[in-house]
Amino acid sequence: MSVPIFEARDITKVYGNYVALNNVSIKVEKGSIFGLLGPNGAGKTSLIRIINQITVPDQGEAFFNGEPLKPEHVSRIGYLPEERGLYRKMQVGEQCMYLAQLKGLDHKTAKLKLRNWFEKFEIQGWWNKKVEELSKGMAQKVQFIVTVLHEPELLIFDEPFTGFDPVNANLIRDEILELRRNGSTIIFSTHRMETVEELCDSIALINKSQKILDGKVADIKREFRTNTYKMEFNGNMLGFTNALWAGAELLDRKQVDNHCTVTLRLAGNNTVNNLFAAIMPICEIISFNEVIPSMSDIFIRTVQPDIQ
Amino acid sequence: MGKVGLIIRREYLTRVRKKSFLLMTILGPLIMAAIMIVPVWMASVNVSVKKVLVLDEAGFIEGLLQENDDVKFFYTRTPLKKSLSTLDADGYFALVHVPRFQENDINHLQRQIKLYSAKQVSLSMKLFVRNQIEKQIERLKLQSQGVDQDLVDNVKKSVNVPLEIIPLDGEKGSGVEMNTALGMIGGILIYFFIFLFGAQVMRGVIEEKTNRIVEVIISSVKPFQLMMGKILGIALVGLTQFLLWVILTGTIYTVFMGTVVKEKLSSDKMEALMKQSPDGTAVADYDELKQTQQMVNEVSRINWGLMIPCFIFYFLGGYLLYGAMFAAIGGAVDSEADTQQFMLPVSAPLILSFVMAQTVLNDPNGSLAVWLSIIPFTSPIIMMVRLPFGVHYSEVLLSMGMLILGFILTTWAAAKIYRTGILMYGKRPTWKEMLRWLRY
């Protein structure tokens, strides 16, 4: 396995009496899309600030590409904070140049790259506009460009899709995927589980300053599967329930004339094949699917176990 | 260019390019020049001549009253009632009536003299007319005692003691009046510059925080770099403004002196006046000119080579000291409205030194003045007030050293508060919390 692009080992961060992070360890593999999940106030922003070297951990270590985190790394990281903004009175182009140069690009390269991005997003006309003339979505586009302009190896997006209309959200999503194809690693901090479902390879879930879950999305889903299936068939509901007997528990049923829909959970060591063998003689199967827990379910189940 | 350099550049350029900067740069010297020039100019401009009719029934001032640029006297014999009825229509401003001489009593007569006015009479005009009449009565009284009027005039005009102060250390010092004015102006300028540009630092920090751009920037640079970049950038704006003011004011002053005053002071004219001196009026003019010349000499005698660098040092030092604290306040709050409770304690020493300036002027080398000019929180203003009176170089050096130490200390503390504050949104910290941030 290659060296992770970012690794946190047992990081603890305390503000006064408040523990923001408690022994948190994460690994972000190169080239992956990593989801940093957790309810508000869980400690996500504290962790992101440590990655960006805005603050330093009180205990534990952080590594970038295998090396202990140091100031030179900031030019290899791009960060789009959730609370983001621009100088309102400054012109768009001038402001982009300023922020790009702060990230270590020289004047000429910055200008060239900005021109390319402005063309790509078809916003060349904004160069001399003042930021206060832009709409929120327009300003977000500019911020996105500034974040990715210096082609960082690691990109951190904190709720990147808020404020975008669906068209622009798609545009940004495609750009993010393109960046990944070109070798960048991406960390998402988000509440939007559909984003996680759609984009993330791995996640870490932080709650109350502690990491409570992490791993590949596929593995986590497998881990959280409950042997629950949804099935449609034509036949007699009574005959069907009799045939199930103790092999499966019926969670939900619906019948319209001859057409039945059921949700069931396999019991014990029963397999789908056992089930099929039992019911095939008495009904005509139309569809059969495993009910896979959504990330949203997993999130809620993990964060609030008592409700379960 | 380093990152701090980039920040300084942005802070500087965005402010210098503002229209308000240009406006202040032009208006500043114009206002200062106006304060110096307008009174002189006003005096020289001929406001419409006021004609005053004189009805002298006693016959002792007719044709004798001296006129000036504003007031001209005309004499009449027409009876009082008739004169008054046509006074306004004939274009006269007022009428002086001296009644018939009775019982040879001058004291009685002078109480009977009246000034009838057709239009509102200004104080200066009343004083001028009264002065002229009094001179004639004086002459009359002297005459009755057998004294020659011209002799008295000459004696009076030749008495004028300038009382020049010559310090014992050999250097020719400037006059007390000039020192006081200079000290006061220096102190006021420092006071306003610190407040003006310190507030700009604070507003800039609040702007970055409320815009939420601060988190983007501090993912590229350290908070300390951002804070120092801002403070230094605005310091350069202040210096630019000050230097432009010095140059512009200097130019206006030089041009004005070159055209208006020089003409008055040219040595030819002086000599001409000297030759005329036997007749009394010219001597008066000559004295007046000499005073103006003395003032001009005093201005040029001031040690500008010391004053201007010291001003720049104390402006920078004071500004850095307070600017860092203003930055910390800006970082700790969410909006300008929340700054009030922190502003007052922080600016109290500044206001105190401004208030104490008058006391210091009265005793520029007293122990209060010395201490206030060494304590870094008050020294920028107080030292500027004291400097024109001459301060021993060891005191200046001590004060400068303390100021440097002071702003290093406040910048260090401010950076800690700033660093924590800029990432906190939504709540106004208390003093206690801010002190705790110092330990983070």
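Throughout, read-outs are computed from the coordinates displayed, never taken from laboratory work. Keep in mind the model is a prediction, meaning the values are calculated, not measured. Because the Cβ atoms are built from the backbone with ideal geometry, glycine has one as well, and the counts that use them run over all protein chains shown.
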* To do: Percent of Cα-Cα pairs per 10 Å bin, from 0 to the last occupied bin, for segment B:347-403, please list those.
  => 28, 61, 11
* So in the protein assembly as shown, what percent of DSSP beta bridges are antiparallel if you round to the nearest 5? -> 65 percent
* Asked: Counting other C-beta atoms within 10 Å, which of A:SER75, A:SER184 has the fewest, and how do the rest follow?
  -> A:SER75, A:SER184
* Exposure proxy order (Cβ contacts within 10 Å, fewest to most) of B:ASP153, B:ASP56 -> B:ASP153, B:ASP56
* Asked: What nm value, rounded to one decimal, do you get for the distance between B:SER124 and B:ASN303 when each label is placed 7 Å out toward the C-beta?
  -> 3.9 nm
* Structure fact -> So B:SER144 and B:LEU368, fully extended at 0.36 nm per residue minus their Cα-Cα distance, gain in nm 74.7 nm
* Asked: Regarding segment A:235-274, what whole-number volume in Å³ per residue does the convex hull of its Cα atoms give?
  -> 65 Å³
* Report the convex hull volume per residue for segment A:15-141, counting only C-alpha atoms, in Å³. => 155 Å³
* Electrostatic dipole magnitude of the protein assembly as shown [Cβ: Lys, Arg +1; Asp, Glu -1; Cα centre; debye, to 20] -> 260 debye
* Give the relative contact order (percent, whole number) for segment A:234-302; include only Cα pairs under 8 Å separated by 6+ residues. => 35 percent
* Give the whole-number value, in cubic angstrom per residue, of the convex hull volume spanned by the C-alpha atoms of segment B:50-152. => 102 Å³
* **Taking chain A and dividing mean pair separation by its residue count, relative contact order in percent (alpha carbons under 8 Å, at least six apart)** => 20 percent
* Structure fact -> Computed from the beta carbon distance with a Förster radius of 56 Å, FRET efficiency for A:VAL14 and A:ALA277 to the nearest 0.05 stands at 0.40
* Asked: Which percent of the Cα-Cα distances in segment A:6-222 go past 27 Å?
  -> 33 percent
* Asked: Taking R0 as 45 Å, what's the FRET efficiency between B:ASP90 and B:ILE31 from their Cβ-Cβ distance, rounded to 0.05?
  -> 0.55
* **Taking B:ILE190, B:ILE8 and counting other C-beta atoms within 10 Å, the order from fewest to most** => B:ILE8, B:ILE190
* Could you work out how far the C-alpha centroid of segment A:255-308 sits from that of segment B:404-440, in angstrom? => 58 Å
* Residue-by-residue Karplus 3J(HN,Hα) for segment B:200-217, coefficients 6.51, -1.76, 1.60, Hz, glycine and proline x -> 5, 4, 4, 4, x, 5, 4, 4, 4, 6, 6, 6, 6, 8, 4, 5, 5, 6
* Ratio Rg/Rh, restricted to the protein assembly as shown and using Cα atoms, in which Rh is the Kirkwood radius -> 1.26
